[in-house]
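The values are calculated or read from the model by the stated rules, or taken from the named source; none is laboratory data. Quantities reported herein were computed from a predicted structural model and do not represent experimental measurements. Cβ sites come from the backbone with ideal geometry, for glycine too, and all protein chains shown count toward neighbours. Heavy atoms of the whole protein, side chains included, go into the accessibility calculation; ligands, DNA and RNA do not. Shrake-Rupley method; radii C 1.70, N 1.55, O 1.52, S 1.80 Å.
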Amino acid sequence: MDPTFGVPTTKMLDTVKSLPTWLLVGLSIFLLAILLWPPFLLGLPEVMRPSVPVALLLVTTLTICNLLSLWFAHVAERQRRSRAGDLDRLVHLYRPLKALFLTRHPTVCTGIGSPYLRQRIENAWAALGAYGRLSRRVKRALRALFDKQRSSSAEIEYGGSFPMSEIIKIVRAKVRYANPELHDLVNQADRSRYEEYDNILMTDAEYALLEHIDREHRSLSKRVG
């Protein structure tokens, strides 16, 4: 076998692999048209006709591989950007927010108003016998049948009060990293203190904000490793 036979073949493969994707797609369509339309195939020299299926298979395979490589590169770039965004949110926003509670120690108490089935049946029966349309009473009764009436209350046991002003300052300084959910929770927590100024416990909105900060901090820390 001629050792020089592989040299032009290798060069040809390298040339084909270096072609842009749009040109590979065009070549695939062109070769497929030659193979499927007899006038095109008969117009080629007889010695070249048996090479058309092989050329089509080669170009099509390279086209598919090229498209897959572009797709994998796109996915990898999206993951890289997503991870970079998560890291920025963690470092610049949620880690400083979480650090506010290093020396503040919240305590949460949860109570269940109707832990037993008989109590929920009584609540459902009362809802069914209440005034209103039958369909609404049935809906309220079904809700009451499965509602254990959980309620939670939280307070900063020691280490200071709820750091609302510090949270607002951090969110304003790093507003580019804050999503609409955090904006809404901060707004609701700030308003709740004006509405419940005499409440020594954390308001429900403040507790929801604290849960969000803790949940996002854990989630982002896990995603960025």
Exercise. Using the C-alpha gyration tensor of region 113-199, what are the square roots of 5 times its eigenvalues, in whole angstrom, with the largest one first?
Worked result: 40, 18, 12
Exercise. How much of the accessible area of the chain, in percent, comes from carbon and sulfur atoms when a 1.4 Å probe is used?
Worked result: 62 percent
Problem set entry | Cα-based Rg / Dmax (Å) for the chain | 33.6, 98
Seminar exercise, completed: Largest fluctuation, L27, L90, L145 only, Gaussian network model of the chain with Cα springs under 10 angstrom, belongs to L145
Problem set entry | the chain: most fluctuating residue of R104, R89, R133 per GNM, C-alpha cutoff 10 Å | R133
Exercise. For helix 51-89, what angle does its Cα long axis make with the longest principal axis of the chain, in degrees from 0 to 90 and rounded to 10?
Worked result: 30 degrees
Problem set entry | Estimated 222 nm signal from helices in the chain, with DSSP H stretches of n ≥ 4 weighted -39500 (n - 2.57), rounded to 500 | -21500 deg cm²/dmol
For this session: Report the charge-dipole magnitude of the chain in Debye, nearest 20, computed about the Cα centre from +1 at each Lys and Arg Cβ and -1 at each Asp and Glu Cβ.
Result: 540 debye
Exercise. With axes computed from alpha carbons, what is the tilt in degrees of helix 21-36 against the longest principal axis of the chain, rounded to the nearest 10 within 0 to 90?
Worked result: 50 degrees
Exercise. To the nearest Å, what is the center-to-center distance of region 54-82 and region 175-225, using C-alpha atoms only?
Worked result: 43 Å
For this session: Give the accessible surface of the chain per residue, rounded to a whole number of Å², with probe radius 1.4 Å and ligands, DNA and RNA excluded.
Result: 71 Å²
For this session: Give the residue from A141, L182, L87 lying farthest towards the positive end of the charge dipole for region 54-198; charges sit on Cβ (+1 for Lys and Arg, -1 for Asp and Glu) and the dipole is referred to the Cα centre.
Result: A141
Exercise. Any number yet on Rg/Rh for region 165-225, C-alpha, Kirkwood?
Worked result: 1.02
